Each structure stands twice: as C-alpha cells, then as structure tokens.
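Presented below is the structure to which this report refers.
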Amino acid sequence: MTEKLHVKHRETARVLLYSPKRTFLLLKTHFDPEVGLPPRWLTPGGGIDQGETVKIAAVRELAEETGMLLRETDLEFPVLVTSGRWDWADGKSFHTYTDTIFELQVEEFEPNTSGFTQDEYRDVLEYRWWSLEDLLASNEPLGPHQLRKYIQERFQ
C-alpha cells in the first residue's frame, strides 16, 4: 500500500450565522480544482492570511462572502475549533485543516457578493438559509466534518 501524500494544511476562520428562527446560512462551494471532490456546504469563512488574528480573518471573510460588516468585538469567542482531513479524489493526496468557528445571531438576509475574490466567484455555487430540521435530515456534504453534530447538540 502506498502512503498518501499530505499536500497542505489550511487554517480557517468561520462564522456560523443563525437566525432567531434557528435557520443557518451556509454556502455551497467547490473544493480547489485539484482536489476533485464534490461540492459541500460550509459556513462563511476562509483562510487566515499572514499577520491576521483568527477574529480579524473571520470578520474579513464574512464581509467578502456575505457583505456583512462587523467589528472584531462583535464576535465573542470561538465555539468550535476542529481539525480534520479531506482525502482527494485522486486517491493519493490529502490535505488537513483546522477550522475556528464563531457564532453570530442575525436576522435572515440576502448575501451581497460584491466583495468576492476571484476564487470565490469560481467556487461559491449558492447560498441557502437551512432550517434546523432540513439541515439535520440532509445527506448533503457539510464541512467541517463536525459541524452537523455541533449544530444538533447546540440548537436542538
């Protein structure tokens, strides 16, 4: 058996947006093209740039992906820090991740994508406010791997 090749590690900052009605804003996104895996649903967020704190990255990513402008102080503390691994479709490669997730209760809104980066225009397929029931019953891929369990334990 050939050992798999670890390609990269990615640290991300994410925000779980939820409404008083217990709906959750998620983005359906492609992986980077070389990964070759089907799209999955994620919270808004993304990579932490050099020199950024996790909170600053979360605020920046939320503005890029939804148009929502926050201050660093609007986010309290991470509610979930989780690590995992995505095995690529080639069967040979994988990458690891550590996602730091904050929570923020908001009223439902229509995301503004005018702040998208070039990669986000390529990768984000759709937005959806998921009801708690639909999300927990869904077989749609969700990332990070532990998010569905966290939502179930926290909001059900």
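The values are calculated or read from the model by the stated rules, or taken from the named source; none is laboratory data. Please read all numbers here as calculations on a predicted model, not as lab measurements. Heads up, the Cβs are rebuilt from the backbone with ideal geometry, glycines too, and the neighbour counts pull from every protein chain shown.
Miscellaneous remarks
Let's see how each residue does on (1) part of a loop (DSSP other than H, G, I, E, B); (2) surrounded by fewer than 12 Cβ atoms within 10 Å (Cβ to Cβ); (3) among the polar types (S, T, N, Q); (4) in contact (Cβ under 8 Å) with a residue 24 or more places away in the chain:
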site	(1), (2), (3), (4)
His95	no, no, no, yes
Glu103	no, no, no, yes
Glu108	yes, no, no, yes
Arg122	no, no, no, yes
Leu125	no, yes, no, yes
Trp130	no, no, no, yes
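- Given (1) modelled with pLDDT of 95 or more; (2) in a strand (DSSP E or B); (3) surrounded by fewer than 16 Cβ atoms within 10 Å (Cβ to Cβ), index of the condition Asp99 fails: (3)
- Some residue of the range 100-108 being farther than 21 Å from Gln152 by Cβ and either of a type in the set (A, V, I, L, M) or touching a Phe, Trp or Tyr at 6+ places or on another chain (Cβ under 8 Å) (or both): no
Condition check ((1) in contact (Cβ under 8 Å) with a residue 60 or more places away in the chain; (2) out of contact with any helix residue (DSSP H, G or I) (no Cβ under 9 Å at 6 or more places or on another chain); (3) more than 27 Å from Gln118 (Cβ to Cβ); (4) surrounded by 13 or more Cβ atoms within 10 Å (Cβ to Cβ)) across all residues:
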{"residue": "His9", "(1), (2), (3), (4)": "yes, yes, no, no"}
{"residue": "Ala13", "(1), (2), (3), (4)": "yes, no, no, yes"}
{"residue": "Glu61", "(1), (2), (3), (4)": "no, yes, no, yes"}
{"residue": "Met68", "(1), (2), (3), (4)": "no, no, no, yes"}
{"residue": "Glu76", "(1), (2), (3), (4)": "no, yes, yes, no"}
